[in-house]
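A.B. asks: Handing you a structure now.
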Amino acid sequence: MPQPEEGRWEISNGDIRERAARDSFRPDAVEDLTYSNPFGLELERVWFDGKVVYAVELGELEVDFDDERKARNAKVAQEYQVVRSVELDDDGKLKDGKEPERVEGQFNIYDSVPGMDEYSPLWQFNYVVVPADYEANTLRSEADCVQSGHRILKSTVVEN
């Protein structure tokens with residue numbers, strides 16, 4: 001009997017089985033994920049709608065936001081990085097390549113996850129500039145960022 005070539009599977013030690021329906025998140029709002037990281041990639045924890053999800057960063061890339069036709073063809077999702085300070089140049093890139101001063105311990109924030117219409121594996125950075133007394137991980141969703149009253153700088157920095 002032929003084996004299906006794709007499906008919604010769980011794979012354990014090379015053995016494939018259909019993935020049973022289950023909640024995507026544990027009761028403590030952390031993504032219910034088992035991942036062996038076979039390629040040794042660096043993982044990060046990020047917030048999505050007040051829940052912790054895991055992501056892999058695969059590097060920065062150029063998207064030409066000035067060319068409207070090209071920009072329309074490059075669907076990007078929004079990522080928020082909470083920072084104490086950041087400087088962008090006239091093109092929306094980090095000024096002089098200087099990294100922003102991040103809030104220690106703060107997870108970045110995604111506007112979407114796979115399965116949502118807004119989702120894309122390309123993330124456009126929005127820098128949320130917070131004061132010195134901001135406590136890490138107070139902001140945990142796109143709505144938190146937008147409603148916070150903190151200045152948000154939309155960049156043209158995109159990562160995969």
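The values are calculated or read from the model by the stated rules, or taken from the named source; none is laboratory data. Source: prediction; values computed, not measured. Reconstructed Cβ throughout: ideal geometry from the backbone, glycine too, with neighbour counts over all protein chains shown.
A.B. asks: Name every residue in region 85-100 that is closer than 24 Å to Glu62 by Cβ and not in a loop (DSSP other than H, G, I, E, B), in order of residue number. Give the steps one after another, and end with the answer.
C.D. replies: Just the residues of region 85-100 that are closer than 24 Å to Glu62 by Cβ, to begin with: 86-100.
Residues satisfying the conditions are Leu88, Leu94, Lys95, Asp96, Gly97.
A.B. asks: Right, here's the next one. Where residues in region 27-59 are modelled with pLDDT of 90 or more, assigned to a loop (DSSP other than H, G, I, E, B) and of a type in the set (D, E, K, R), which of them is farthest from the chain's Cα centre (by Cα)?
C.D. replies: Asp28
A.B. asks: Six or more apart or on different chains, Cβ under 7 Å: which pairs go from a residue in region 115-142 that's closer than 23 Å to Gly59 by Cβ to one that's modelled with pLDDT of 95 or more and assigned to a helix (DSSP H, G or I)? Could you list them?
C.D. replies: Filtered contacts from region 115-142: Val128/Cys145.
Per-residue answers, yes or no, for (1) loosely packed, with under 12 Cβ neighbours inside 10 Å; (2) touching a Ser or Thr at 6+ places or on another chain (Cβ under 7 Å); (3) at positive phi; (4) small (Gly, Ala, Ser):
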| position | (1), (2), (3), (4) |
| --- | --- |
| Phe39 | yes, no, no, no |
| Trp47 | no, yes, no, no |
| Gly59 | yes, no, yes, yes |
| Pro114 | yes, no, no, no |
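A.B. asks: Just one of the numbered conditions (1) buried (at least 18 other Cβ atoms within 10 Å of the Cβ); (2) among the aliphatic types (A, V, I, L, M); (3) more than 11 Å from the chain's Cα centre (by Cα); (4) under 18 Å from Arg45 (Cα atoms) is not true of Ile109; which one?
C.D. replies: Evaluating Ile109 over (1) buried (at least 18 other Cβ atoms within 10 Å of the Cβ); (2) among the aliphatic types (A, V, I, L, M); (3) more than 11 Å from the chain's Cα centre (by Cα); (4) under 18 Å from Arg45 (Cα atoms) leaves (3) as the failure.
A.B. asks: Please find, among Ala21, Ala74, Ala29, Ala55, the residue that is surrounded by fewer than 11 Cβ atoms within 10 Å (Cβ to Cβ) and of a type in the set (A, V, I, L, M).
C.D. replies: On the way: Ala74 fails: surrounded by fewer than 11 Cβ atoms within 10 Å (Cβ to Cβ); Ala29 fails: surrounded by fewer than 11 Cβ atoms within 10 Å (Cβ to Cβ); Ala55 fails: surrounded by fewer than 11 Cβ atoms within 10 Å (Cβ to Cβ).
Going through Ala21, Ala74, Ala29, Ala55 in turn, the sole match is Ala21.
A.B. asks: Please go through region 60-80 and give me each residue that is more than 9 Å from the chain's Cα centre (by Cα) and either at pLDDT 95 or above or part of a loop (DSSP other than H, G, I, E, B) (or both), ordered by number.
C.D. replies: Applying the first criterion (more than 9 Å from the chain's Cα centre (by Cα)) to region 60-80 yields 60-76.
Correct list: Glu62, Val63, Asp64, Phe65, Asp66, Asp67, Ala74, Lys75, Val76.
A.B. asks: Take the conditions loosely packed, with under 12 Cβ neighbours inside 10 Å, without any contact (Cβ under 8 Å) to a residue 60 or more places away in the chain and more than 25 Å from Ala29 (Cα to Cα) and apply them to Asp90. Does it pass?
C.D. replies: Details: loosely packed, with under 12 Cβ neighbours inside 10 Å: yes; without any contact (Cβ under 8 Å) to a residue 60 or more places away in the chain: yes; more than 25 Å from Ala29 (Cα to Cα): yes.
Judged against the criteria, Asp90 is a match.
A.B. asks: What number goes with the only condition from (1) touching a Phe, Trp or Tyr at 6+ places or on another chain (Cβ under 8 Å); (2) buried (at least 16 other Cβ atoms within 10 Å of the Cβ); (3) closer than 19 Å to Ser85 by Cα that Tyr134 does not pass?
C.D. replies: (1)
A.B. asks: Answer with yes or no whether Asn137 is under 12 Å from the mean Cα position of the chain (by Cα) and either of a type in the set (S, T, N, Q) or closer than 27 Å to Asp23 by Cα (or both). So that I can check it myself, show each step before the final result.
C.D. replies: Details: under 12 Å from the mean Cα position of the chain (by Cα): no; either of a type in the set (S, T, N, Q) or closer than 27 Å to Asp23 by Cα (or both): yes.
Against the criterion (under 12 Å from the mean Cα position of the chain (by Cα) and either of a type in the set (S, T, N, Q) or closer than 27 Å to Asp23 by Cα (or both)), Asn137 does not qualify.
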